[in-house]
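Right, one structure below, let's go through it.
Just so it is clear, none of the values below were taken in a lab; they were calculated from the coordinates. The structure presented is a predicted model; accordingly, all values stated were derived computationally and were not measured. Positions of Cβ are generated from backbone atoms using ideal geometry, with glycine treated the same way; all protein chains shown enter the neighbour counts.
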Amino acid sequence: MFAAFLASALIAAGSWALRTRRIQPFSTAGRTVRSLTDPIIRPIEGWLLGRGGNPQQAPWWLVGISLVGGILLITVLQGLGAALAQAFLAVRTGPRGLVRLAVYYAGQLILLALIVRVVASWFGLFRYHRWMRPVYVLTDWIVEPLRRVIPPIGMIDITPLVAWFALQLALGWLLRVL
C-alpha cells in the first residue's frame, strides 16, 4: 500500500513539474516523465472533465484516491481477518459458539442498518427509496414502537439513537447469556 501511495505521489509530482515547467516538457526528461505519467493521469483528467472538474487537479486526485483507497483496503482486510478469526473460534467451540456468532453478526447488521438509516435521512433518502427499503425492513421493528413513546426533540428524532443504545444493551446481555 505504501509503495502504491509513493508511486502515485511520484506521478503527481512529475505531472506537476511538467505543468509548472520545472521540467521542460519537450526535453528528454520531460518526454520520459510524460510517457510515464500520462497513461495514469489522462483517465483521471477525463473523469474530472466529465464531471465539470479541473483536469489540472488530476494528479492530486490520484494521490487522494490512492491514500483513501489504501486506508479502506487495509481496514477491510483487517475486518475480514478478525471475522475469520471469530468464525474459526466459533467453529472450535461448537454449536453454542456458532449461535453466538450468528447472533453477534445479526446484531451488527441491524446496528449498521440503523446508522445507514440516520445518515441517509440527512441526504433525503427515506423509506420509499429503492436502496433504503431493506434498511427500513431491518430497523422498523425497533424504531417504530419507540417512536410512539419518545417524542421528537424539536426537529430532531432521537428514536434511532435510543434504538441503537437499546439494541447494544440487549445484544450485550444476550451474548453474555449465550
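Here are the numbers for the structure shown:
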| item | result |
| --- | --- |
| Kirkwood Rh and Cα Rg combined as Rg/Rh, segment 1-71 | 0.99 |
| Cα-only Debye scattering, segment 39-138: base-10 log of I(q)/I(0) at q = 0.11, 0.14, 0.19, 0.24 Å⁻¹ | -0.64, -0.86, -0.99, -1.07 |
| Cut-off 16 Å (backbone N to label point 7 Å along Cα→Cβ of L77), residues of segment 1-36 | 1-7 |
| Surface/4 estimate of mean projected area, convex hull on alpha-carbon atoms of segment 110-178, nm² | 5.0 nm² |
| Positive-pole candidate from G94, V162, T75, dipole of segment 44-178, charges at beta carbon | G94 |
| Cα pair distances of the chain binned at 10 Å [whole percent] | 8, 21, 20, 19, 17, 11, 4, 0 |
| Unit charges on C-beta of K, R, D, E only; dipole of segment 64-167, Debye | 220 debye |
| Longest exposed-site-free window of the chain, the sites being chymotrypsin sites (Phe, Trp or Tyr not before Pro) in a DSSP loop that have at most 15 other C-beta atoms within 10 Å | 27-122 |
